[in-house]
């Protein structure tokens, strides 16, 4: 095996490790009763505490998205919308 082959393999391994690594999230001063509740909830779902925490965070973010999307739809309800191709055509014609 040449030095070049070894270098490429080492590079591929480092790239794979970077992709697999995810940042950590550290929460401080969490009350013990919340930790206990999260651990019980994780056990009920047959998950690790970390997996349970990730799912809770993902669901909270996803729920917030849908609430914001619904508010935006409500805000823009009744406005006249023009398909983008018509706006592009109008812009071209004005030049």
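The values are calculated or read from the model by the stated rules, or taken from the named source; none is laboratory data. Just so it is clear, the structure is predicted and the values come from calculations on it, not from any experiment. Heads up, the Cβs are rebuilt from the backbone with ideal geometry, glycines too, and the neighbour counts pull from every protein chain shown.
Output the number of residues of the stretch 1-45 satisfying the condition of being in a loop (DSSP other than H, G, I, E, B) and modelled with pLDDT under 60.
2
Based on what the data block shows, is residue 59 surrounded by 10 or more Cβ atoms within 10 Å (Cβ to Cβ) and outside any loop (DSSP other than H, G, I, E, B)?
Yes; evaluated as a whole, the condition is true for this residue.
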